[in-house]
Amino acid sequence: QVQLVESGGGLVQPGGSLRLSCAASGSRFSIYVMGWYRQAPGKQRELVAGISSSGHTNYGDSVKGRFTISRDNAKNTVYLQMNSLKPEDTAVYYCNVVDGPPYSWGQGTQVTVSS
């Protein structure tokens, strides 16, 4: 059973930056496209960025140019560098598989952008 553990969230002012990490147990991590999702209060969970095993990336329009997703397959870890944060980026952020059956969702990490 793969476990996903997200970390790195916090409270940041508009325009600030955060770097999220997602550590995954299990040996099959590297074969999947992995993604960062977020869920704001009262809204559905949405995919904001994805990265293939070879490093090809895709981003949602709302974060393009501000967020950067990366991965270290040797460490079974996915990262999300978030710059120029906006209040509308406030949400709980999760990582999970994009192109296959999802793993059990982790607890997520809260990102709050507020002055």
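Tabulated data
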{"item": "Amide proton proximity set for residue 67, modelled H, under 5 Å, gap of 5+", "result": "83"}
{"item": "Å² of accessible area per residue within the chain, as computed with a 1.4 Å probe and no ligands counted", "result": "52 Å²"}
{"item": "Largest to smallest principal axis extent of the C-alpha atoms in region 50-104, angstrom", "result": "32, 23, 20"}
{"item": "Measure of compaction for the chain (Cα Rg per 2.2 N^0.38 Å)", "result": "0.99"}
{"item": "Candidates per trypsin sites (Lys or Arg not before Pro) in region 12-84, loop by DSSP, up to 12 other Cβ within 10 Å", "result": "28, 43, 64"}
{"item": "Within the accessible area of region 18-115 (1.4 Å probe), percent carbon and sulfur", "result": "48 percent"}
{"item": "Value in Å of the Kirkwood radius, where region 19-80 supplies the Cα pairs that are averaged", "result": "12.2 Å"}
{"item": "The chain, relative contact order in percent, only Cα pairs under 8 angstrom and at least six apart counted", "result": "38 percent"}
{"item": "Ranked order, 31, 69 - accessible area, probe 1.4 Å, largest first", "result": "31, 69"}
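The values are calculated or read from the model by the stated rules, or taken from the named source; none is laboratory data. For clarity, every value in this text was computed on a predicted model and none was experimentally measured. Cβ: placed from backbone, ideal geometry, glycine included. Neighbour counts: every protein chain shown. Each accessible area value is taken on the protein alone, full model and side chains, heavy atoms only, with ligands, DNA and RNA left out. Shrake-Rupley method; radii C 1.70, N 1.55, O 1.52, S 1.80 Å.
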